[in-house]
There are 2 protein chains.
Amino acid sequence: MSNPHSKEEMMQFLKEAIAEARLGLSEGGIPIGSVLVRDGKIIGRGHNRRVQNNNPTAHAEIECLKNAGRMNDYVDTVLYSTLMPCAMCAGAAVQFKVPVVVAGENRTFKSASDWMESMGTQVIDMDSEECFQMLAEFAKAQPDVWNEDIGIPTKN
Amino acid sequence: MSNPHSKEEMMQFLKEAIAEARLGLSEGGIPIGSVLVRDGKIIGRGHNRRVQNNNPTAHAEIECLKNAGRMNDYVDTVLYSTLMPCAMCAGAAVQFKVPVVVAGENRTFKSASDWMESMGTQVIDMDSEECFQMLAEFAKAQPDVWNEDIGIPTKN
């Protein structure tokens, strides 16, 4: 499946992922949000909860896929995230065969986009200034938490 | 870091992962278990809870890493799983920079071992008959649940 969303739809769904990210920020967490879309409807949403839940695996995309619940397949779904998925979340998209991943930006963290593409996942980078600024501000304010989230040890 | 565990230690920790898998089976779940080890001690453990929690991301390794909680780094850790990690769980090992992954078997599911190795993770396959039989029996008894877990649609 190629990306079924128009530019306007992508902006709309990315806005929902940004709303999730801002919800996470308001909880004291890392501002990264995600939504899963099928047939023009959001069927799952989530945000990073590493800090809130003391859970290093609670990345936005994992929370989103968790909240969407079990399903037989991910055909016709599109996974949105405010940030290019990390290796774990990219792996989830590959494992579940999510055909299209739309990222708000990859300037803060390019991560595993090349690998996803090599595995047949279509990856779209929207290069959103809002997504970039939101996360850049957080990373500047709380570098230890941010580095921990992307797997860079800071306290050695 | 190269694998710090002797063959005897690997057998011991794999046994703990198998205990987790059997716990999952007793709950009506998919029998895959995992433990995270540092300095000869288990610092996290978990089992697949897809069925129990209606959560497709609750693979054994993700549950194990979740239960281990936040930590600054995964240096000197070894992640055990009764089954070779899928792309999502392999991605978690890569993302968190877990240096060594020990799998009970990869006959049921080879998954992402080559990719992990290409990313610098040492991967050891113990080719355990017990792990293989446990999962093979489950996959035969409940093929739909098993196929769902490894991302193969069955109800189209």
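Restricting to region A:25-43, name every residue that is buried (at least 19 other Cβ atoms within 10 Å of the Cβ) and touching an Asp or Glu at 6+ places or on another chain (Cβ under 9 Å).
A:30, A:31, A:32, A:33, A:34, A:35, A:36, A:37
Quick one: residue B:81 ticks every box in (1) closer than 19 Å to residue A:57 by Cβ; (2) out of contact with any strand residue (DSSP E or B) (no Cβ under 7 Å at 6 or more places or on another chain); (3) small (Gly, Ala, Ser); (4) touching a residue at least 40 places away in the same chain (Cβ under 8 Å) bar one, so which box is it?
With (1) closer than 19 Å to residue A:57 by Cβ; (2) out of contact with any strand residue (DSSP E or B) (no Cβ under 7 Å at 6 or more places or on another chain); (3) small (Gly, Ala, Ser); (4) touching a residue at least 40 places away in the same chain (Cβ under 8 Å) applied to residue B:81, the lone miss is (2).
Restricting attention to region B:137-146, does a residue exist that is surrounded by fewer than 18 Cβ atoms within 10 Å (Cβ to Cβ), away from chain A (no Cβ under 13 Å), of a type in the set (Lys, Arg) and farther than 22 Å from residue B:55 by Cα?
Looking through region B:137-146, none of the residues is surrounded by fewer than 18 Cβ atoms within 10 Å (Cβ to Cβ), away from chain A (no Cβ under 13 Å), of a type in the set (Lys, Arg) and farther than 22 Å from residue B:55 by Cα.
How many residues does region B:44-62 hold that are open to solvent by 10 Å² or more (accessible area, probe 1.4 Å) and more than 10 Å from chain A (Cβ to nearest Cβ)?
4
Going by the conditions given, is residue B:102 open to solvent by less than 20 Å² (accessible area, probe 1.4 Å), at negative phi and either among the small types (Gly, Ala, Ser) or within 11 Å of the chain's Cα centre (by Cα) (or both)?
Spelling it out, residue B:102 is indeed open to solvent by less than 20 Å² (accessible area, probe 1.4 Å), at negative phi and either among the small types (Gly, Ala, Ser) or within 11 Å of the chain's Cα centre (by Cα) (or both).
Could you check region A:27-120 for helices (runs of 4 or more DSSP H) lying wholly inside it with 2 or more residues that are modelled with pLDDT of 95 or more and under 26 Å from residue A:143 (Cα atoms)?
Filter on region A:27-120 gives A:50-53, A:60-68, A:87-95.
For residue B:95, only one of the following conditions fails: (1) open to solvent by less than 60 Å² (accessible area, probe 1.4 Å); (2) in contact with a helix residue (DSSP H, G or I) (Cβ under 9 Å, 6 or more places away or on another chain); (3) of a type outside the set (A, V, I, L, M); (4) in contact (Cβ under 8 Å) with a residue 24 or more places away in the chain. What is its number?
The single condition residue B:95 does not satisfy is (4).
Pairs please, first residue from region A:19-33 and among the basic types (Lys, Arg), second anywhere and crowded, with 24+ Cβ neighbours inside 10 Å, Cβ atoms under 9 Å, 6+ apart in sequence or on different chains.
Note: pairs meeting the criteria are A:22/A:31; A:22/A:33; A:22/A:47.
The values are calculated or read from the model by the stated rules, or taken from the named source; none is laboratory data. All of these numbers come straight from a predicted model, not from anything done at the bench. Every residue, glycine among them, receives a Cβ derived from its backbone with ideal geometry; neighbour counts consider all protein chains shown. Areas reflect the complete protein model, heavy atoms only, side chains present, ligands, DNA and RNA absent. Shrake-Rupley method; radii C 1.70, N 1.55, O 1.52, S 1.80 Å.
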